């Protein structure tokens, strides 16, 4: 029998606390617990609770590595600026300005965070298997086999999930750590190269785990509805195959799996349902996706990080365990001033007379929607027509900031204007009315609102992408336009500055889809559908798809990952730097290297592995 490692650190994770791996997979034992206690259904379930808790990722200093991925997806992707002060969190600033090195502490913490998740999943597999061997999992005759299969399926999903998270950051030539590796050593030394020094790419290893989960998880769970089901596993498998099929920059061991991804997504679209048994669908409107109490079970959530309010607990109920996302420096919220939407992202929402985006970067040739006068007073041009999703995503001056108030002055809202710009993150911020019921009464960053890791809009846009890549761009338009049709079903209304009740205004929502106009809007909004001609060729269809992902998924942690897999990161981000530097001096003379389709494996990890771990191709 191989060794089984169960430590008090894991018990802490299972009961709500977290521990982080200090070095790669070095888990320091805090004292062994009694092994038989875990070789039962209740014991294994306790360990699984700890495994699910890794999604909150509140592991000491790893809370900067929140699965919202605002650091990598949004700040590095040009959707947002770090905010706060320039000198605050210098390693964060170096990622933001593309001046980071292999010694960056954020990268090291992200690596540790991912492999901590792998460790937890492998530990569940080992304990469950040993419990089955000891014949101690059964509580009802004939029950243990189903319990074991579903437990292994969940654990293999999480093992795949965390390896995939690491692949997205560091590339596919990284160690793939199995339950057998962990059974042999609590600090498994797994290389990312073979005996000849060739990189070992782990795409297919991850796919096997997701496939096992897809085949063995139930369609829905009648209890514990936050668990991963068959359809969430399928969606992640499709996402993995899409990434594996993407060009990157010619590195990363990619190969063509577009047809496979398309087939899986068709199964999800036809048969997929959430754990309430609701068939996957788009939420009624865009606003509902971000309302605590309404966002969790709209039918759009494919896999969420579950949030709940319990007493006065705040850390695990801040946005994805990361108060830095929740704390925006907003008046009355005790904010920290991080995570401010970029000038580029905001102006990207400007639309033409047909309600369509300016995909030729014409939005960069007009003034920012919010300007600051010499007296440091902000002025937002509310007459410019924008996509209605803008003001559900971004906080703008002179526009209602949920129900908190209408920002009019820099003081109390922006910590350092010259470092972060004049915009506020809004999409995942709880509302003032939530306090005491859907958030902790004393902590505005806490929220019972789930964080969406995959939603049905992702599925539709990925499916459109597979159609484009398999020679059917003309068919992709209907799925992209479904997203735009939903975006036309809500807009931010004007509000009274004192009461925040709805008020009259001269601004309208010009709905080109229905041919109607909404009144008393907070600003002028307009949206229309792409014409069939937009999807006549692969090139034009791809342009629409990529733009729709930029707007629909804004500030949800996806942008940089999309840019690098599409192999357009250098072009897009150097254009972003050129534009953003007109307003924020920190970007002057900054440059994004085309080789950076992956970020470097942390130098500290390479040193700890004593030559077993080799730097990825883009950073040698």
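Scanning region 590-612 for residues that are buried (at least 17 other Cβ atoms within 10 Å of the Cβ) and closer than 26 Å to residue 247 by Cβ turns up 590, 592, 596, 597, 598, 599, 600, 601, 602.
With respect to the conditions (1) surrounded by 21 or more Cβ atoms within 10 Å (Cβ to Cβ); (2) outside any strand (DSSP E or B); (3) at pLDDT below 95, residue 64 falls short on a single one, namely (1).
Among the residues of region 580-596, is any in a helix (DSSP H, G or I), in contact with a helix residue (DSSP H, G or I) (Cβ under 7 Å, 6 or more places away or on another chain), touching a residue at least 12 places away in the same chain (Cβ under 8 Å) and closer than 30 Å to residue 197 by Cβ? No: zero hits.
Residue-wise test of (1) assigned to a helix (DSSP H, G or I); (2) buried (at least 24 other Cβ atoms within 10 Å of the Cβ).
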residue	(1), (2)
222	no, no
235	yes, yes
241	yes, yes
251	no, no
260	yes, no
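Filtering region 368-397 to residues that are farther than 23 Å from residue 550 by Cβ, free of Cβ contacts under 8 Å to residues at least 24 places away in the same chain and in a loop (DSSP other than H, G, I, E, B) leaves 373, 374, 375.
Under the condition of being farther than 17 Å from residue 383 by Cβ and either in contact with a helix residue (DSSP H, G or I) (Cβ under 8 Å, 6 or more places away or on another chain) or modelled with pLDDT under 95 (or both), the residues counted in region 518-537 number 9. Yes or no: residue 134 out of contact with any strand residue (DSSP E or B) (no Cβ under 6 Å at 6 or more places or on another chain) and at pLDDT below 95? So residue 134 fits the description; yes. If you filter region 67-108 down to residues that are at positive phi and surrounded by fewer than 21 Cβ atoms within 10 Å (Cβ to Cβ), you find that the one that is modelled with the highest pLDDT is 98. Among the conditions (1) buried (at least 17 other Cβ atoms within 10 Å of the Cβ); (2) modelled with pLDDT of 95 or more, residue 198 misses just one, which is (1). For region 423-438, the criterion of a residue being at pLDDT 95 or above, within 23 Å of residue 359 (Cα to Cα) and either part of a helix (DSSP H, G or I) or in contact with a helix residue (DSSP H, G or I) (Cβ under 8 Å, 6 or more places away or on another chain) (or both) is satisfied by at least one position.
Filtering region 480-500 to residues that are without any contact (Cβ under 8 Å) to a residue 60 or more places away in the chain and more than 29 Å from residue 300 (Cα to Cα) leaves 496, 498, 499. Taking the criterion of being modelled with pLDDT under 95 and either within 19 Å of residue 76 (Cα to Cα) or in contact with a strand residue (DSSP E or B) (Cβ under 8 Å, 6 or more places away or on another chain) (or both), the residues of region 331-360 that qualify are 331, 332, 337, 338, 339, 340, 358. Residue check: residue 191 meets all listed conditions (1) out of contact with any strand residue (DSSP E or B) (no Cβ under 9 Å at 6 or more places or on another chain); (2) buried (at least 19 other Cβ atoms within 10 Å of the Cβ); (3) modelled with pLDDT of 95 or more but one, namely (2).
Residue count for region 518-529, restricted to those that are closer than 19 Å to residue 473 by Cβ and buried (at least 22 other Cβ atoms within 10 Å of the Cβ): 0. Being within 21 Å of the chain's Cα centre (by Cα) and farther than 30 Å from residue 594 by Cβ holds for only one residue in 225, 279, and it is 225. Counting residues in region 106-114 that are in contact with a strand residue (DSSP E or B) (Cβ under 9 Å, 6 or more places away or on another chain) and assigned to a helix (DSSP H, G or I) gives one or more.
The values are calculated or read from the model by the stated rules, or taken from the named source; none is laboratory data. Worth saying up front: this structure is predicted, and the values here are computed from it rather than measured. As a convention, Cβ positions derive from the backbone with ideal geometry for all residues, glycine included, and neighbour counts pool all protein chains shown.
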